[in-house]
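Heads up, the thing below is written out as structure tokens.
The values are calculated or read from the model by the stated rules, or taken from the named source; none is laboratory data. Note that the structure is predicted; figures quoted are calculated from it, not measured. Here the Cβ positions follow ideal geometry from the backbone for every residue, glycine too, while neighbour counts run over all protein chains shown. The area values use the complete protein model at the heavy-atom level, side chains included, leaving out ligands, DNA and RNA. Shrake-Rupley method; radii C 1.70, N 1.55, O 1.52, S 1.80 Å.
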Amino acid sequence: MSLSESSLPTMPLSGHLAELRRRILVSGLAWLAASVAAWPLVPDVVSFLASQVGRLVFVTPAEAFVSMVKIAAILGLIAASPIILVEAWLFVLPGLFPNERRLVYRLAPVVILLFVLGILFSWFVMLPFMLTFFLGFETERIHATITISRFLSFLIGVTLPFGLVFQLPLITYTLTRVGAVSARFWGQMRRYVIFLAFIIAAILTPPDPVSQTLLAIPLLLLYEVGAWVARMAERRRRRPALLPEEVEP
């Protein structure tokens, strides 16, 4: 055991569980308080969502209320996310080595930024296109009657996967930078990624070919970006090894 390992403070399992309970309690209370505070905004959000499809309906007595509670919970989660992330970070911080802490400090902002970019891309680019396409099948004999719960599930199923998929370049960069895989590996896996992209899209999106294709295409583009970033990471990883050879005696 190294000196750095032996010098780490230890805590019994009961202490870890008590700490975890406290962090979860604080995060839960923050989420609940933010959700309650966001409740007055729910009618405006429902009106905005209804304007995207013309009209929203509900077919069970509790459907509208439950959907509005879900909207408040989503708004509360967004508002309370800084507190939740801080609580999670304070829980894992004592168990990390200094180099691991530095890695988290460098990667966490990028993860959050890519997630937000993915959500914004899906909301402002993919979602309008998908709604225009699907609602374009409405005719005089076929009318769109969309329930609020189904539309809310559709929105979550479209936006959330893009936030996750946008992490792909960071994943390829990190794995290549630490030497787990080579940049050449990502190029060799391209044919398999094309197949897996549509499988992942089928799992993450609503069950229709259009939604799956619209997620698979950005996934493939992000993979190509990740492969390019991986080549940059490999050059940076090899640079320190090349510098001594380049120095003249």
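Taking the conditions exactly as written (in contact with a Gly (Cβ under 7 Å, 6 or more places away or on another chain) and either farther than 23 Å from Ala38 by Cα or among the aliphatic types (A, V, I, L, M) (or both)), does Ile119 satisfy them or not?
When the stated conditions are applied, Ile119 passes them.
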Scan region 103-113 and tell me whether some residue there is touching a residue at least 24 places away in the same chain (Cβ under 8 Å), out of contact with any Gly (no Cβ under 8 Å at 6 or more places or on another chain) and among the charged types (D, E, K, R).
no
Those residues of region 172-230 which are closer than 17 Å to Phe121 by Cβ and of a type in the set (Gly, Ala, Ser), in sequence order
Ala197, Ala201, Ser211, Ala216, Gly226
Would a scan of region 39-58 turn up a residue that is aromatic (Phe, Trp, Tyr), part of a helix (DSSP H, G or I) and farther than 28 Å from Ala144 by Cβ?
yes
Among the candidates Ala30, Ala18, residue that is at pLDDT 90 or above, closer than 30 Å to Gly95 by Cα and open to solvent by less than 70 Å² (accessible area, probe 1.4 Å):
Ala30
Any residue at all in region 62-82 that's out of contact with any Ser or Thr (no Cβ under 9 Å at 6 or more places or on another chain), over 26 Å from Phe151 (Cβ atoms) and at pLDDT 90 or above?
yes
Residue that is surrounded by 14 or more Cβ atoms within 10 Å (Cβ to Cβ) and under 20 Å from Ala80 (Cβ atoms), where the choices are Val46, Val42, Val36, Val53:
Val42
Region 58-79 residues that are surrounded by 13 or more Cβ atoms within 10 Å (Cβ to Cβ), paired with ones that are at pLDDT below 95 and assigned to a loop (DSSP other than H, G, I, E, B) (beta carbon under 8 Å, 6 or more apart):
Ala64/Phe58; Ser67/Phe58
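Could you list, in sequence order, all residues of region 110-127 that are modelled with pLDDT of 85 or more and more than 16 Å from Ile78 (Cα to Cα)? Break it down into steps so the answer makes sense when it comes.
Of all residues in region 110-127, those modelled with pLDDT of 85 or more come to 110-124, 127.
Once the filter is applied, which keeps residues that are modelled with pLDDT of 85 or more and more than 16 Å from Ile78 (Cα to Cα), region 110-127 yields Val110, Phe121, Ser122, Phe124, Leu127.
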At least 3 residues that are among the β-branched types (Val, Ile, Thr) and open to solvent by less than 30 Å² (accessible area, probe 1.4 Å) in each: list the helices (runs of 4 or more DSSP H) lying fully within region 120-213 that qualify.
148-165
